[in-house]
1. Here are some residues: TYR151, TYR97, TYR142. Which one is part of a loop (DSSP other than H, G, I, E, B) and among the aromatic types (Phe, Trp, Tyr)?
2. Could you list, in sequence order, all residues of the range 436-464 that are open to solvent by less than 40 Å² (accessible area, probe 1.4 Å) and either touching a residue at least 60 places away in the same chain (Cβ under 8 Å) or not in a helix (DSSP H, G or I) (or both)?
3. Give me a count of the residues in the range 122-164 that are within 32 Å of the chain's Cα centre (by Cα), open to solvent by less than 20 Å² (accessible area, probe 1.4 Å) and under 22 Å from ASN251 (Cα atoms).
4. Can you find, within the range 246-263, the residue that is nearest to ASP358 (Cα to Cα) among those that are open to solvent by 20 Å² or more (accessible area, probe 1.4 Å) and assigned to a strand (DSSP E or B)?
5. Collect the residues in the range 109-121 that are touching a residue at least 24 places away in the same chain (Cβ under 8 Å) and either in a helix (DSSP H, G or I) or open to solvent by less than 10 Å² (accessible area, probe 1.4 Å) (or both), keeping them in residue-number order.
6. Looking at this structure, is ILE118 β-branched (Val, Ile, Thr) and over 17 Å from SER212 (Cα atoms)?
7. Taking the stated definitions as given, is LYS214 on the phi < 0 side of the Ramachandran plot, at pLDDT below 95 and either in a loop (DSSP other than H, G, I, E, B) or open to solvent by 20 Å² or more (accessible area, probe 1.4 Å) (or both)?
8. Residues TYR56, TYR63: which one is touching a helix residue (DSSP H, G or I) at 6+ places or on another chain (Cβ under 6 Å) and either open to solvent by 60 Å² or more (accessible area, probe 1.4 Å) or at positive phi (or both)?
Amino acid sequence: MLTLYNTATRKKEEFKPIVPGRVGMYVCGVTVYDRCHIGHARSAVVFDAIVRYLEYLGYKVTYVRNFTDVDDKIIARANQEGIDSAEVAQRNIEAFYEDMNPLGLRRPDVEPRATEHIAEIIKAVSGLVDKAAAYESQGDVYFAVDNYAAYGDLSGRNLDDMRAGARVAVDERKRNPYDFALWKTSKPGEPSWESPWGRGRPGWHIECSAMSSKYLGLPFDIHGGGEDLIFPHHENEKAQAEALTGGRFVNYWMHNGFVRIDQEKMSKSLGNFLTIQDILKKYHPEVLRLFLLSAHYRSPLDYSQEAMAEADEGLSRLYETLARIQTQLAVERPAEGGPLADLAAKTRELFLAAMDNDFNSAQAMGHLFSLARAANRALETGKKLGGLQTVPETLTELAGVLGLLSHAPEDFASEREALLVNRDGLDPKAIQRLVEERTRARQDKDFAKADQIRDRLVDLGVVILDSPEGTTWKLKG
């Protein structure tokens, strides 16, 4: 039974789709004014893994993720660069794909842009005005929070407490300081569209309400995003949609936790962000993906070089396990049944149980590592290899649900080595020469020299692998 944590009810609930066998999911995408950082990557990877798992369970998923391509930040960046805001948006949408595609993200079924849905937005705003849920003031249109009794339910905030405890700047155009803009009068030079209230542009919150309802209908199953969107963005989305229709907007609200550096949320406003572009110069994309799934999606995730190195080593071990099994199976095919076959079947059960428990990817991956360790122990002893062929099948199938182990082991090793060499400034040819020199020293029984070369290689971050077939090496992450 699949359960998920519903932000709206603050508890885990059994997942029951509106239409049996089908799931409608909307996830808030990025505001395209700059390159993406790994906080954006976490949200994208988390919900990509959720879609993959729902499909693995047999659901037909309609996945919608938007681009906010008209916004104060985009306009500010355009003014700063002296170009059109549409050019800023398009450039950063292209950069989004450059950053995200290497992470193995599947394209959503629909990727709507706010500027392509102005008609739907104006219709929704007009409907709210007609229902007295919104009002026009000096060319702007505001949502009247006092006219929506359930305001604050999603975030757990009380409007009266908010008024009493907050310092909100006085805006004479608003009836209530917490009323929010549905439509804004555009300033000279800003993008604008004709509307019943004059030329203007949409507010941020109404964009998502209009686009999600167009493609998924109301209500729909799952609405997702980062936890920073709970208030005000998702609270306001919910208020608008439900005030307009009189019914439920979303059945399940899901939110991923922050990526943190030094215990602080990673964000552009704090200036402590790391771009995906920069990280992928040092690490294989699947390493970043594994890191982003290495904690439960609702928990904060602390970024550090140590954490990335651990993810790098962990993923390498899985690929090395696959490579070792391939080599063994090329020599001898063990019996179909046996301890490893039983363990692979048990691993599948445990993996599914972890993912059914609010998509616990961290626990699910732990079971994959346990299976890999057991296979390696069997290979080292040469005993209890029955069912060995089920191990790579199980590892690749289940890791594939998380978007991992999608490469041939030799291709991953080659790409990883190139990144490590680039990152650490090492020369593979020089390393190979040292390895060969060590081999000759051992053959000449000059063990002191061999040990000296080994220590030098260790200092360089090189792992020496001696076997009856010869000596190989790899770089430590």
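1. TYR151
2. Listed by number, the residues that qualify are GLY461, VAL462, ILE464.
3. Total satisfying the criteria: 4.
4. Here the residue is ASN251.
5. Going residue by residue through the range 109-121, those that are touching a residue at least 24 places away in the same chain (Cβ under 8 Å) are 109-115, 117-118, 120-121.
Passing the criteria: PRO112, ALA114, THR115, HIS117, ILE118, GLU120, ILE121.
6. Criteria not met by ILE118.
7. Values: on the phi < 0 side of the Ramachandran plot: yes; at pLDDT below 95: no; either in a loop (DSSP other than H, G, I, E, B) or open to solvent by 20 Å² or more (accessible area, probe 1.4 Å) (or both): yes.
In short, no.
8. On the way: TYR63 fails: either open to solvent by 60 Å² or more (accessible area, probe 1.4 Å) or at positive phi (or both).
The unique qualifying residue is TYR56.
The values are calculated or read from the model by the stated rules, or taken from the named source; none is laboratory data. Note that the structure is a prediction, hence the values are computed from the model and not measured. Every residue, glycine as well, gets a Cβ built from its backbone with ideal geometry; the counts of neighbours run over all protein chains shown. Surface accessibility is based on the protein's heavy atoms, side chains included, excluding ligands, DNA and RNA. Shrake-Rupley method; radii C 1.70, N 1.55, O 1.52, S 1.80 Å.
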